[in-house]
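Have a look at the structure below before the remarks.
The values are calculated or read from the model by the stated rules, or taken from the named source; none is laboratory data. Not measured: the values here are computed from a predicted model. Reconstructed Cβ throughout: ideal geometry from the backbone, glycine too, with neighbour counts over all protein chains shown. Please note that ligands, DNA and RNA were not included when accessible areas were found on the heavy atoms of the full protein model with its side chains. Shrake-Rupley method; radii C 1.70, N 1.55, O 1.52, S 1.80 Å.
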Amino acid sequence: MMTSSSSDSSLRLIIFILFITFTAITTTTTTVNSLPIPFPKTPQESLLQKHTNKPLKPSSTLPFTTHYFPQLLDHFTFTPNSSKIFYQKYLLNSTFFSSSSSSPIFVYTGNEGDIEWFASNSGFIFDIAPKFNALLLFIEHRFYGDSLPFGNDSYSSAETLGYLTSTQALADYAQLIRSLKHNLSAEASPVIVFGGSYGGMLAAWFRLKYPHVAIGALASSAPILQFDDIVPWSSFYDGVSQDYKDESMNCFEVIKGSWDELIALSLKKNGLQKIGKIFRSCKKLQSVYSVRNWLWTAFVYTAMVDYPTPANFMADLPAYPVKEMCRAIDGFPARGSKLPKVFAAASIYYNYSGTEKCFDFESGSDPHGLHGWDWQACTEMVMPMTCSNESMFPPSGYDYKDASAQCEFKYGVQSRPHWITTEYGGYRIGEVLKRFGSNIIFSNGLRDPWSRGGVIKNISPSIVALVTKKGAHHLDFRSATKNDPKWLIEQRRKEVEIIRGWIRQYHEDMKD
């Protein structure tokens, strides 16, 4: 909900939705909730036919078969509607697995999007599977991708969306894993859950909520402390800004000054037309905020995925894309408009291949199926965020009442901003988890702005934080390449060593 403010702050109105990660953006006295190869069928896969009356189909470009599990709509009530069944998608690779030897099962706890997208960007799990003879299982989160409980009507109202919660998702995973193990005669196989970003949060929470199902969790770039006032509300955007400042102070200052210049130009005669020309808009612009959103998204996502090698997770990007953006900005003469400079920088995110001749700023496309996050961010995944005067974004504030009012206006329900810390904890996490928790790896790269809401210190000998100074958003989950820096190779080596220790201890305990 946008509220009125002074004439100066009106220049700073922001209407953005940042996806994947998942975020809420606000402006001065403003609240806006926003915020990522078929193979022969094995005997194990034949058993999985019991899970579904839908035909199996190969996952088009990934080394998986695709399956559908008959999942309960509501795990926590016994109302007539609770026993409704929907088909939850999951991907399976049993190439290396042997249930007779109690090999482990590696489960990816799906995020807010199509499960294939996350599977194709989690090559680390594929890389290590042969070392453990592991079964690989990627489960799609309810209400995303093809796992729609009410089909095309899943997003029709709060009556249907009310079943989209993190607790229901965790229960889905527990139910599916237990059924799968039974069907594979793999009851003795230990389960390790993996997840990145929101999926990493789910992996950590799954280990805490279902320790009898999973013996350990690798939670990569999981901002489980980004709630209430556990970390400063400005931490995320301060982190984004620091990445650009570290590369070039001029780059930082150009981006910081571009927002007011963009708004000021839009208020002039034929301003939108001039902006459309500078930014090569394919169509006549209807709002300056579509361009601001375009720029904002590029700078935030690039900071998140500032990988040391080329990647195409959020977009087709070169190695160290923040450095490349700043190089583009610094290549301009010091004087002159900032807008061509930031356009050149953002084009690295949107058009690194150079094939795009123009840009559609107002298409509203959602290529990875992230749109359900708006409901989650509105209702329970409430992460207060502000922009401080030190950031490169316009200063902004946050108000719980405004956020809740917007949620009620859009969906007809009130948000529960403190539910996550009630359900999963977060405050004094070190004191709490060292008393009862175990077997969780929290991995973070400090170039990732989400790391400021993550666990970056060891909690106990078995709840450890693996932190890399130059790492980015769940970088450790990406496939290994010959150009990986030594610190990344070492991080992954430690993860494998810890997981191996969990599994060894599990088998020793099973002998008792």
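Numbers below:
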{"read-out": "Kirkwood Rh in Å, taken over the chain so that all alpha-carbon pairs contribute", "value": "23.7 Å"}
{"read-out": "The range 128-261, relative contact order in percent, only Cα pairs under 8 angstrom and at least six apart counted", "value": "13 percent"}
{"read-out": "Where Rh is the Kirkwood radius over Cα pairs, Rg/Rh for the range 236-365", "value": "0.95"}
{"read-out": "Flagged links, alpha-carbon separation over 32 Å, of Lys209/Lys401; Lys181/Lys457; Lys434/Lys470; Lys84/Lys401; Lys89/Lys511; Lys269/Lys410", "value": "Lys181/Lys457; Lys84/Lys401; Lys89/Lys511; Lys269/Lys410"}
{"read-out": "Peptide ranges 356-363, 110-117, 142-149, 286-293 listed from the most packed, as the mean C-beta count within 10 angstrom indicates", "value": "110-117, 142-149, 286-293, 356-363"}
{"read-out": "Relative compactness, the range 211-257, computed as alpha-carbon Rg over 2.2 N^0.38 Å", "value": "1.76"}
{"read-out": "Accessible surface of the chain, 1.4 Å probe, proportion on carbon and sulfur as whole %", "value": "54 percent"}
{"read-out": "Accessible area per residue in Å² at 1.4 Å probe, computed on the range 179-228", "value": "19 Å²"}
{"read-out": "Relative contact order [Cα under 8 Å, 6+ residues apart], the range 59-199, whole percent", "value": "30 percent"}
{"read-out": "Reachable aspartates and glutamates, given that their alpha-carbon falls under 16 Å from the alpha-carbon of Lys338 and they are not under 8 places away in the same chain", "value": "Glu253, Asp260, Glu261, Asp330"}
{"read-out": "Cut-off 15 Å between beta-carbons: net charge of the residues surrounding Ile459, Lys and Arg +1, Asp and Glu -1", "value": "+4"}
{"read-out": "Percent antiparallel among DSSP beta bridges (both partners in the chain, rounded to 5)", "value": "45 percent"}
{"read-out": "Value in Å of the Kirkwood radius, where the range 322-442 supplies the Cα pairs that are averaged", "value": "19.1 Å"}
{"read-out": "For the range 111-234, convex hull volume per residue from C-alpha positions, Å³", "value": "138 Å³"}
{"read-out": "At q = 0.13, 0.17, 0.25, 0.27 Å⁻¹, base-10 log of I(q)/I(0) for the range 125-168 (Debye sum, equal scatterers on each alpha carbon)", "value": "-0.45, -0.58, -0.83, -0.92"}
{"read-out": "Counted charge near Tyr400, where neighbours are those whose Cβ lies closer than 13 Å (Asp, Glu -1; Lys, Arg +1)", "value": "-3"}
{"read-out": "Over 23 Å between alpha carbons, listed pairs Lys469/Lys494; Lys131/Lys494; Lys245/Lys486; Lys131/Lys469", "value": "Lys245/Lys486; Lys131/Lys469"}
{"read-out": "Compactness of the range 171-245, expressed as Rg and Dmax over alpha-carbon positions, Å", "value": "16.6, 54"}
{"read-out": "Relative packing of 224-235, 154-165, which averages over residues the other C-beta atoms within 10 Å, highest first", "value": "224-235, 154-165"}
